[in-house]
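Visitor: Here it is, the structure in full.
Values quoted throughout were computed directly from the atomic coordinates according to the rules given, and no laboratory measurement underlies them. Predicted model, so just to flag it, every value in this text is computed and none were measured. A quick note on method: Cβ atoms are made from the backbone with ideal geometry, for glycine too, and the neighbour counts reach across all protein chains shown.
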Amino acid sequence: MHSFRVMILIVTLLMQLSIPPGHAAGIKDSESASHDTDAASYSVVNTYFFSNFRVIQLTLPVLSTYCYLLISDSEALAVDPGRDISAILRTAEKEKVTIKGVYLTHSHADFIAGHLEMATALKCPIYQSKNSGAAYSIHPLSDGDRIAVGAASVKFIATPGHTPDGMCALVSGKNSPDATEAMFTGDVLFVGSMGRPDLLEGSTSASWLASAAYDSWFNKISKIGNNVSFFPAHGAGSLCGAHLSEEPFSTIGKEKASNPYFKYTRRSDFIAALLEGLPDAPQYFKHNARINREGPPLIDWNAPLPAEIPAAASLSDVDKTWIVDVRSASAYSAGHIPNAVNIAIRGRFETWTGIMIPWGEKLVLCGDPPELKESLLRLHRIGYSAEIIRLDAWKKAGQPVNVTPAIPARELYDLMQKAQAPVIVDVRLPTEWMGMKIGTVLNLPLNQLSLLSARLDPSEPVITVCNSAFRSSLAVGILERKGFKKARSLDGGSEAWIQAGLPVIEPAKPAPALSSGKLLPLPELVSPQTLQSMTVNTPGAFELVDIRLPDQFADYHIPGSRNVVASDVLFNPAFLNGTIPLVLIDRDGMTAMAIAGILSQRTERPMRVLAGGLEAFWSATAKKSGPGSVPDSAARPAVQPLLPQPETDTPPAAPASPVKRKSAGC
């Protein structure tokens with residue numbers, strides 16, 4: 001029975017984690033989807049009609065944000081506007097409504113909000129949680145407060161989780177105030193996800209916020225009504241959460257059935273799931289959160305371009321200045337200021353600037369006047385300011401220009417076939433890299449490239465690769481700043497490679513289902529006694545990886561093992577490489593067997609699992625005291641369970657599938 005459960009769990013995980021082959025029309029992610037010429041402007045997604053009100057949803061794709069107008073009769077409430085409020089003002093004018101107030105669902109971190117811009121322009125109140133810590137005048141909201149917008153009634157409920165001041169708004173008709181029809185959830189609840197709890201700096205821990213999110217969902221939001229439509233502050237591609245859906249709205253009932261986090265009904269499991277596997281947060285988030293609390297300075301959106309700065313050679317000093325070339329990848333490769341990095345405005349310009357350019361550093365933009373004007377406007381969205389220079393002015397001053405011609409796909413392929421290709425570095429996320437490769441290439445994610453480039457020889461040529469050349473062109477500049485003289489980008493990225501009909505390496509096809517009559521091979525089980533002997537007699541002949549939670553690992557672990565979260569073992573390609581056996585360890589062997597089963601389908605590397613997990617190891621070795629054995633129970637606490645016991649007397653739920661993470665394009 002135990003083996004059958006393990007097999008079922010392995011098959012389930014394989015089905016959910018397998019990456020389907022991607023061809024030609026091919027590589028579509030939240031990164032490439034934001035390269036459209038309209039992606040940097042607000043647009044109306046849709047208008048949703050309810051009994052006494054309607055909701056107009058606007059989106060800004062490059063930041064994956066949504067903002068709203070709640071309209072009833074001739075009045076409107078603006079919800080979570082961005083700093084440049086012109087689009088929402090135009091929408092209100094077109095609808096012939098008066099904006100009576102602006103409501104922030106929480107203190108935003110990923111963009112500068114437009115609450116003060118709107119309050120100043122319209123002389124309207126700002127509705128915000130009393131716990132927001134705002135340094136400006138607000139209408140403070142407490143749990144259960146209500147306001148009227150035309151014939152609509154808006155009830156606010158405190159829903160901490162993403163932040164301590166999270167507050168959702170329930171909207172109903174004025175005559176039926178308890179019959180909620182729509183809901184604004186901010187970042188506490190997304191379509192297919194929840195807001196990450198690890199963006200707040202200070203004394204509030206991510207674990208406390210995750211626990212608060214558990215209460216917000218199970219004790220409040222989930223009880224509102226299955227048919228209630230909810231509207232979040234972000235969509236796919238946002239770094240405020242993981243694996244967000246591209247659907248612009250959902251219902252409470254759909255989330256109950258499909259949101260992967262809500263399978264974890266025990267608080268401890270829910271907290272672990274919400275904290276596990278989150279992508280790195282851009283360093284600018286904490287600064288935007290501070291600015292939003294203090295009150296963002298007002299912007300003159302019609303200001304002319306500032307005067308260009310002198311074309312001094314010192315601009316190329318990497319210790320003094322960051323130059324961001326906002327032109328296209330092709331224009332950048334044809335000639336740029338030495339040590340400039342290419343963050344083209346036809347893409348996630350704001351997010352990548354916030355990821356790559358340290359806050360407070362001197363920033364200079366290089367481009368043509370129309371590009372510079374747009375770039376400065378868009379930098380206001382995340383609180384950055386910059387000086388400007390044109391490449392023509394740089395050249396006219398007699399300053400040097402670097403040329404880094406992109407390499408065509410066919411030329412690189414031919415070099416690879418002749419064994420003459422330089423080191424090829426794929427700068428996408430590991431999950432993207434594992435999903436499709438142009439060959440045997442090194443994966444150094446762009447957001448870690450500055451540090452990881454130390455593995456490479458700066459005197460040797462390097463080719464950088466991503467999906468569309470947006471990130472790989474940026475990577476060329478990062479390498480240049482680190483002293484690389486021969487860095488080039490793959491022209492058009494792997495999309496161009498596929499369109500040229502060149503071969504790619506993709507994941508192996510999913511293993512056959514059990515119904516076919518073929519059984520999946522299981523990893524080899526290692527008994528506690530054998531493993532103890534191995535740690536003493538053959539150290540270094542295997543790799544011990546403990547996949548329990550860090551605090552459990554700290555309480556008790558096998559000497560020589562290291563702690564790695566389960567998602568990293570699944571998705572980090574480093575664990576697929578090597579010839580020595582990989583031995584996975586958990587509490588009872590179940591989860592380790594499932595993960596080892598998945599990995600065994602992807603690699604020839606030997607996979608082993610500690611039979612019975614640490615519970616069996618403890619029982620078999622705790623009384624021994626020889627070298628390499630586990631200290632006796634008097635000196636160490638008992639083994640901590642991987643899945644904590646239920647808080648009630650209800651039976652434990654069946655093992656839940658792990659949350660799948662969706663690429664955010666970094």
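Visitor: Packing-wise, with mean Cβ within 10 Å as the measure, how do 391-398, 49-56 rank, highest first?
Guide: 49-56, 391-398
Visitor: Could I ask something else about it? Hey, with R₀ at 25 Å, roughly what FRET efficiency would Thr251 and Asp73 work out to, going by the Cβ-Cβ distance, to 0.05?
Guide: 0.45
Visitor: Per 0.36 nm of contour for each residue apart, how much would the distance between Asp300 and Phe571 grow if the chain were fully extended, relative to their Cα-Cα spacing? Write out the running numbers ahead of the final one.
Guide: On the way: separation 271, 0.36 × 271 = 97.56 nm, distance 4.58 nm.
In short, 93.0 nm is gained.
Visitor: Still on this model: Provide the FRET efficiency to the nearest 0.05 for the Ala307-Asn563 pair, computing r from the beta carbons and using R0 = 56 Å. Show your work: numbers first, answer last.
Guide: On the way: r = 54 Å, r/R0 = 0.97.
Approximately 0.55, to the nearest 0.05.
Visitor: Something else: Report the calculated FRET efficiency for Ala334 and Tyr136 (r = Cβ-Cβ distance, R0 = 45 Å), to the nearest 0.05.
Guide: 0.45
Visitor: I would also like to ask the following. Could you tell me how far the Cα centroid of the stretch 90-128 sits from the Cα centroid of the stretch 565-618, in Å?
Guide: 51
Visitor: Given Lys220/Lys286; Lys396/Lys482; Lys155/Lys223; Lys437/Lys486; Lys220/Lys263; Lys96/Lys155, which pairs have Cα atoms separated by over 20 Å?
Guide: Numbers: Lys220/Lys286 28 Å; Lys396/Lys482 27 Å; Lys155/Lys223 15 Å; Lys437/Lys486 22 Å; Lys220/Lys263 17 Å; Lys96/Lys155 25 Å.
Distance filter (> 20 Å) returns Lys220/Lys286; Lys396/Lys482; Lys437/Lys486; Lys96/Lys155.
Visitor: Once both labels are modelled 7 Å past Cα along the beta-carbon direction, what's the Leu452-Ser619 spacing in nm?
Guide: For the pair Leu452/Ser619, the computed spacing is 4.2 nm.
Visitor: If you find the alpha carbon centre of the stretch 401-425 and of the stretch 523-559, how far apart are they in angstrom?
Guide: 43
Visitor: What distance in nm separates the simple spin-label points at Lys485 and Thr98, each placed 7 Å from Cα in the Cβ direction?
Guide: Roughly 7.0 nm, to one decimal.
Visitor: Over the stretch 29-137, what relative contact order in percent results from Cα pairs under 8 Å that are six or more residues apart?
Guide: After rounding, I find 18 percent.
Visitor: Listed highest first by mean packing, meaning other Cβ atoms within 10 Å per residue, what order do 88-99, 371-382 come in?
Guide: The densest-packed peptide leads the list: 371-382, 88-99.
Visitor: Still on this structure, please answer the following. Taking the Cα centre of the stretch 34-281 as origin, work out the dipole magnitude from +1 charges on Lys and Arg Cβ and -1 charges on Asp and Glu Cβ, in debye rounded to 20. Working shown, then result.
Guide: Values: 19 positive and 25 negative charges, 142 e Å.
That gives the stretch 34-281 a dipole magnitude of about 680 debye.
Visitor: Could you pull out the trypsin sites (Lys or Arg not before Pro) across the stretch 444-494 that fall in loop regions by DSSP (anything but H, G, I, E, B) with no more than 16 other Cβ atoms inside 10 Å?
Guide: Lys485, Lys486
Visitor: Give me the percent relative contact order of the stretch 155-299, please, defined on Cα pairs under 8 angstrom at least 6 residues apart. Spell out each step's value before the answer.
Guide: Working: 257 pairs, mean separation 34.6, N = 145.
Relative contact order here is 24 percent.
Visitor: How high is the relative contact order of the stretch 409-499, given as a whole-number percent (alpha carbon pairs under 8 Å, six or more residues apart)?
Guide: Here the relative contact order equals 31 percent.
Visitor: When Asp73, Asp38 are ordered from fewest to most other Cβ atoms inside 10 Å of their Cβ, what list results?
Guide: Going from sparsest to densest Cβ surroundings: Asp38, Asp73.
Visitor: If you count, for each residue, the other Cβ atoms within 10 Å and average over each peptide, how do 178-187, 192-201 line up from highest to lowest? It would help to have the intermediate numbers written out before the result.
Guide: Working: 178-187: 22.0, 192-201: 23.9.
The peptides rank, most packed first, as 192-201, 178-187.
Visitor: Please report, in debye to the nearest 20, how large the charge dipole of the stretch 409-499 is about its Cα centre when each Lys and Arg carries +1 at its beta carbon and each Asp and Glu carries -1 there.
Guide: The calculated dipole for the stretch 409-499 is roughly 200 debye.
Visitor: What length, rounded to one decimal in nm, is gained on full extension from Thr530 through to Asp551, with 0.36 nm per residue of separation minus their alpha-carbon distance?
Guide: Roughly 4.9 nm would be gained on extension.
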